[in-house]
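Structure first, commentary second.
The values are calculated or read from the model by the stated rules, or taken from the named source; none is laboratory data. Small disclaimer: the values here were computed from a predicted structure and weren't measured. Cβ atoms come from the backbone with ideal geometry, glycine included; neighbour counts cover every protein chain shown. Protein only, heavy atoms only, side chains kept; ligands, DNA and RNA dropped before computing areas. Shrake-Rupley method; radii C 1.70, N 1.55, O 1.52, S 1.80 Å.
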Amino acid sequence: MRYPAPLALAQAVAPLLAGLGWGIGGSTLLYRLGLEADPQDLDLVVQPTTFAEAEQRLLAMLEPLPRPPHPRNRTEHFARFVADDGTRLDLMAGIAVSTPAGVQGWTFDPGRVEREGALAWMHPEDWLELYRLFDRPYRVVQLEQWLSARDTRQRAEALEVRLAWLDDTLDSLSRTVARQQQEIDLLQEQLRVLYRQLQQGPDQSGSPLSLRDEVPPHY
């Protein structure tokens with residue numbers, strides 16, 4: 001299987017970032033979710049305390065590019081790189097955006113990433129927050145619809161699991177009831193034997209009556 005260039009780049013730089021808390025987001029994350037067919041760049045997020053170390057490690061493999069100007073971007077740490085094949089990588093930490101209500105920041109939690117082999121994927125919910133912060137309405141709608149469909153699938157799967165459990169429980173109860181009915185039938189047969197013996201009185205030898213003498217054949 002041929003990976004898109006940003007995903008192949010993520011595989012290549014993953015060993016460089018070993019030991020650092022980091023996560024993949026942006027269009028490469030959307031590719032993983034099936035929402036983007038052809039991602040063009042790789043977005044990596046780290047913590048402000050590890051940004052400088054991550055930047056230095058990436059410089060061992062990638063060429064630096066100037067930070068692009070953006071009127072609303074107030075991210076504390078940002079570095080852009082390019083690979084030999086032209087694939088761009090953006091490294092960021094301390095994400096913040098200027099809004100009419102003031103500067104709004106977002107905190108990356110490396111404990112929330114999902115590990116898959118050497119890669120660390122950010123949660124879709126986190127990038128939904130970021131796309132809202134970045135004012136990317138198309139991406140917001142994409143992720144909202146995906147999350148809604150995922151939640152629906154999870155609820156359906158949970159219902160299927162519960163129905164399977166209920167089926168097993170009903171089968172177990174049915175077996176228990178059948179076994180108890182057999183025991184009741186045996187007890188009723190014993191009572192009928194006892195009743196007949198009581199009606200007949202003691203046997204001819206004068207010995208006391210014993211149920212063991214007339215246990216039903218199937219008991």
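Against the chain, whose longest principal axis comes from its Cα atoms, helix 124-133 is set at around 40 degrees.
Using the heavy atoms of the protein chains alone and a 1.4 angstrom probe, what is the accessible area of the chain per residue in square angstrom? List each step's numbers first, then the result.
Values: 13820 Å² over 219 residues.
Here the per-residue accessible area is 63 Å².
A crude spin-label estimate for the pair Arg150 and Arg2, with each label 7 Å from Cα along the Cβ direction, gives 2.9 nm. The candidates His77, His70, arranged from most to least accessible area with a 1.4 Å probe in the full protein assembly, appear as His70, His77. Protein heavy-atom surface of the stretch 1-129, 1.4 angstrom probe: 51% of the accessible area is carbon and sulfur, with nucleic acids and ligands not counted.
By how many nm would the segment from Arg74 to Leu35 grow when fully extended, if each residue of separation counts as 0.36 nm and the alpha-carbon distance is taken off?
Roughly 11.3 nm would be gained on extension.
Its Cα gyration tensor gives the stretch 12-161 an equivalent ellipsoid, and the semi-axes of that ellipsoid, as √(5λ) in whole Å with the largest first, are 27, 20, 15. For the stretch 29-98, taking Cα atoms only, Rg and Dmax work out to 12.9, 33 Å respectively.
Quick check on the stretch 1-67: what does the Kirkwood estimate of hydrodynamic radius come out to from the alpha carbon pairs, in Å?
Values: mean 1/r = 0.0785 Å⁻¹.
Evaluated on the stretch 1-67, it is 12.7 Å.
With Cβ to Cβ distances under 11 Å as the rule, what net charge do the other residues near Arg139 carry (K, R +1; D, E -1)?
Values: positive: Arg132, Arg136; negative: Glu36, Asp135, Glu144.
So the environment of Arg139 carries a net charge of -1.
So if each residue of separation counts as 0.36 nm, and I subtract the Cα-Cα distance between Ala14 and Arg112, what length gain in nm does that give?
On the way: separation 98, 0.36 × 98 = 35.28 nm, distance 1.72 nm.
Using 0.36 nm per residue and subtracting the Cα-Cα distance, I get 33.6 nm.
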